[in-house]
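The values are calculated or read from the model by the stated rules, or taken from the named source; none is laboratory data. All values derive from a computational prediction rather than experimental measurement. Neighbour counts run over all protein chains shown; Cβ positions are idealised from the backbone, glycine included. Ligands, DNA and RNA are stripped out before the accessible areas are found, and what is left, the full protein with its side chains, is counted by its heavy atoms. Shrake-Rupley method; radii C 1.70, N 1.55, O 1.52, S 1.80 Å.
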Amino acid sequence: MLEINDVMSSVYKGIAVKTGEFGFAPAFPEGVKVNELPLRTRDGGACFIDYAGSKGKLRLLYSEGKIFLLLGDENASDTDDKSFSKLSTSLMLLDEYDERDVRSVTNEIIETLDDNFGVKELAAKTNKLPATVSKAAVKGGSMSYDPATLAARIVMIYPELKNALKENYAAYGELLPEDFFLNHANACIMQTIRQNDPKAMRRLFNQLSDIFENGTNEVQNLIAVTILGSIRNDPAIMTEIIPYLSDSMVEPVIEVNKLLEKSKSARDRLENPPKYKPKKKKSFVSKALGQ
């Protein structure tokens, strides 16, 4: 079983070069020496390390089996996290994980720092990509893949879509998946399906199946309706894709395509989704509580 102090110490040391590179210096509580771990504790087993920099206050937080990387302004409170925004979430199950998992989480945090503060990312706002859910978090069972993770996986297959994803995220401040897939990614996906090359099909559907099997209801609907619903029940194409679908995908994909073939109103709703309405900003605590 891992001890949280050891975990936080390992992550703290592992990201030290990167935090320093981006201008963040650890904030040492009163009485803690500069060669000691600047860890602060809270009731309920939570603990955190703060960093100060010109870009704001960075917080490495452990709470309820997860490690969060948060960003707030320089005056953000020490006593709560309401004024912070979440940059990343990683599962950290102390009674199940080992040192390899700690290294994996450390690498995820380093990647998050690069994505948010690296030179390339600072060059233009449109270079920022939405946060994704890691395989380690899904493996632990407390998190599921979301639309942003699906979009990122699709960009791995079709790198030419990367700018479209960045522009989508920059335009809305969050991922608008219907816009990204209907106006950009679906064309690439359908080209792969029509070409029906076994290697390319396996690569595509391995990703779709993994996300579908371990994803939220929202991302499952995105795959079955927004993406594969664009087949419009073409019998030749349906025959080609069925062998690549996971068992739980077969029925919903078939039923969705039958419905879209029969219902013009359903097709119209898919092709013309509701206009984007910005979500009311929530504090980190409200998001964590699902409020």
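On the stretch given as the stretch 129-180, residues that are more than 18 Å from residue 220 (Cβ to Cβ) and acidic (Asp, Glu) total 4. If I filter the stretch 58-66 for residues that are assigned to a helix (DSSP H, G or I) and either of a type in the set (A, V, I, L, M, F, W, C) or under 26 Å from residue 139 (Cβ atoms) (or both), do I get at least one hit? For the stretch 58-66, residues assigned to a helix (DSSP H, G or I) and either of a type in the set (A, V, I, L, M, F, W, C) or under 26 Å from residue 139 (Cβ atoms) (or both): absent.
Scan the stretch 6-39 for residues that are surrounded by 18 or more Cβ atoms within 10 Å (Cβ to Cβ), over 23 Å from the mean Cα position of the chain (by Cα) and basic (Lys, Arg) and the total you get is 0. If you go through the stretch 99-151 and pick out every residue that is assigned to a helix (DSSP H, G or I), open to solvent by 40 Å² or more (accessible area, probe 1.4 Å), modelled with pLDDT of 90 or more and small (Gly, Ala, Ser), you end up with 1.
Select from the stretch 152-165 the residues that are of a type outside the set (Val, Ile, Thr), surrounded by 17 or more Cβ atoms within 10 Å (Cβ to Cβ) and touching a helix residue (DSSP H, G or I) at 6+ places or on another chain (Cβ under 7 Å) and write down the one among them that is nearest to residue 207 (Cα to Cα).
153
Picking from residues in the stretch 188-223 that are without any contact (Cβ under 8 Å) to a residue 40 or more places away in the chain and open to solvent by 70 Å² or more (accessible area, probe 1.4 Å), the one that is nearest to residue 266 (Cα to Cα) is 221. Out of the residues in the stretch 40-63 that are closer than 20 Å to residue 85 by Cβ and of a type in the set (Ser, Thr, Tyr), which is surrounded by the fewest Cβ atoms within 10 Å (Cβ to Cβ)? The residue in question is 54. Of the helices (runs of 4 or more DSSP H) lying entirely inside the stretch 241-291, those containing at least 3 residues that are aliphatic (A, V, I, L, M) and at pLDDT 75 or above are 247-262.
Filtering the stretch 224-232 for residues that are assigned to a helix (DSSP H, G or I), modelled with pLDDT under 95 and open to solvent by 40 Å² or more (accessible area, probe 1.4 Å) leaves a non-empty set.
Residue-level analysis places residue 104 among those that are in contact (Cβ under 8 Å) with a residue 24 or more places away in the chain, out of contact with any Asp or Glu (no Cβ under 9 Å at 6 or more places or on another chain), within 20 Å of residue 140 (Cβ to Cβ) and among the small types (Gly, Ala, Ser). Scanning the stretch 4-14 for residues that are touching a residue at least 40 places away in the same chain (Cβ under 8 Å) and farther than 14 Å from residue 61 by Cα gives a single hit, 14.
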